[in-house]
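*Asks:* Starting off with a structure, shown below.
The values are calculated or read from the model by the stated rules, or taken from the named source; none is laboratory data. Just so you know, these numbers come straight off a predicted model, no measurement behind them. Note: ideal-geometry Cβ built from the backbone for every residue, glycine included; neighbour counts use all protein chains shown. Side chains are part of the model used for accessible areas, which takes the heavy atoms of the whole protein and leaves out ligands, DNA and RNA. Shrake-Rupley method; radii C 1.70, N 1.55, O 1.52, S 1.80 Å.
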Amino acid sequence: MAAISSVDPSSRAKAPEDHADPAFATTLAHGLDVLAAFRNRTGSLSNADLALHTGLSRPTVSRLSYTLEQLGYLKRDAKGRFELGLGVLAAAYPVLSALKVRQVARPLIREFAAYTGGTVSIAMPFGLDFIYVETVRTTDAVAHLPDVGFTGTLATTAVGRALLSLFTTEEQAAYVADVKAERPEEADYVQTRMLPDIELCKERGFAVSLGEWRREIFGVAAPLYRTPSGDCLSVNCGIPSFRFSAEQIERECGPRILGLARSIRSLVANG
């Protein structure tokens, strides 16, 4: 099956100029859009690039990038282009340090990464996307090497199916409505393929994606749990398609990642 092209996450949450909520800080939202333009990208961006990725005017982007640079969230390279600054990392630290599952699960997911030759991650929902909060791999011999902070669409991924299997009926309906409104190109796929696969994940405890997101990557994932505050977590593995057949992913890797999820849940519960 041909993969659905990945949607630029930086376009996920644009705030319209005429936002109806008087409490909504549009300028702040635009500044965050500028930072979001760097997601999953390597290298620097100019003000022209940022304007293109955000849909904001050049003067607006120039003011925002200058301010973000002064606050340490952006920095300039030797060519005067912008890169993310250490302020972003400092802001993220409290979030990551509070997720104790990262430290607890690391030895177990390292073992699974060694077994598959792939990349094992713990993910959480982020709007219509997922975001990795922990990632372990044992080899760099594959083209796809995500890391902590990597985002991707929920719609075509095993990790998306696993996370959405933890959603309530109301949350799932809201997700489908948001897809129709914000990413209509994914709506038919979500309705006809993803929703049935979410139900299958609930039945057997794991989900697969056989090259739907990236042709060269087979995905297998299992839901973990919801935190007391309601956040959903799942564990997934991206496996180079040459390492396992589709049948082996279903028959071998699926049950094994279900066992991994159970072991992680037990460690967290007893920790």
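*Asks:* Compute the helix-to-body angle for 58-70: its Cα long axis versus the longest principal axis of the chain, expressed 0 to 90° and rounded to tens.
*Replies:* 70 degrees
*Asks:* For a quick protection proxy, order the peptides 52-65, 211-224 by their average other-Cβ count within 10 Å, most packed first.
*Replies:* Details: 52-65: 17.3, 211-224: 23.3.
The most tightly packed comes first, giving 211-224, 52-65.
*Asks:* A further question on this structure: Return P(r) of region 86-156 (all Cα-Cα pairs; 5 Å bins starting at 0; whole %; ordered from short to long distances).
*Replies:* Percent of Cα pairs in each bin: 3, 16, 22, 24, 20, 12, 2, 0.
*Asks:* By how many degrees, between 0 and 90 and to the nearest 10, does the Cα long axis of helix 26-36 differ from the longest principal axis of the chain?
*Replies:* With rounding to tens, the tilt is 60 degrees.
*Asks:* Obtain the nm distance between the two label points defined at Y66 and R110 by a simple spin-label model: each point lies 7 Å from its Cα along the Cα-to-C-beta direction.
*Replies:* Going from the Y66 label point to the R110 one covers 4.8 nm.
*Asks:* Give me the number: length gained by fully extending R243 to A78, i.e. 0.36 nm times residue separation minus the C-alpha to C-alpha distance, one decimal in nm. Don't skip to the end; give the middle numbers.
*Replies:* Details: separation 165, 0.36 × 165 = 59.40 nm, distance 4.15 nm.
The R243-A78 span can extend by a further 55.3 nm.
*Asks:* Something else about it: For A92 and L52 in one chain, what is 0.36 nm times their gap in residues minus the Cα-Cα distance, to one decimal in nm?
*Replies:* Details: separation 40, 0.36 × 40 = 14.40 nm, distance 2.58 nm.
Between A92 and L52, full extension yields 11.8 nm more.
*Asks:* At L267 and E171, where each label point lies 7 Å from the Cα along Cα→Cβ, what is the point-to-point distance in nanometres?
*Replies:* 2.3 nm
*Asks:* For region 86-93, what does the Karplus curve 6.51 cos²θ - 1.76 cosθ + 1.60, with θ = phi - 60°, yield as ³J(HN,Hα) per residue in whole Hz, taken in order and with x for Gly and Pro?
*Replies:* With coefficients 6.51, -1.76 and 1.60, one gets 5, x, 5, 5, 5, 5, 7, 4 Hz.
*Asks:* Sticking with this one: Quick check for you: with a 1.4 Å probe and neighbouring chains kept, what is the accessible area per residue of the chain, in Å²? Provide the component values of the computation, followed by the final result.
*Replies:* On the way: 13200 Å² over 271 residues.
For the chain, the per-residue accessible area is 49 Å².
*Asks:* Amide H to amide H, which residues 5 or more places from L224 or on other chains are under 5 Å from it, using H placed in the peptide plane?
*Replies:* HN-HN under 5 Å from L224: L233, S234, V235.
*Asks:* Compute the angle between helix 195-204 and the longest alpha-carbon principal axis of the chain, please, reported from 0 to 90 degrees and rounded to the nearest 10.
*Replies:* The helix 195-204 is inclined about 40 degrees to the chain.
*Asks:* In debye, nearest 20: dipole of the chain around its Cα centre with unit charges on the Cβ of K, R (+) and D, E (-)? If you can, show how the numbers build up before the last one.
*Replies:* On the way: 29 positive and 30 negative charges, 170 e Å.
I would put it at about 820 debye.
*Asks:* Take F206, F242 and sort them by solvent-accessible surface of the protein heavy atoms, 1.4 Å probe, largest at the top.
*Replies:* Details: F206 15, F242 150 Å².
Output order, biggest surface exposure first: F242, F206.
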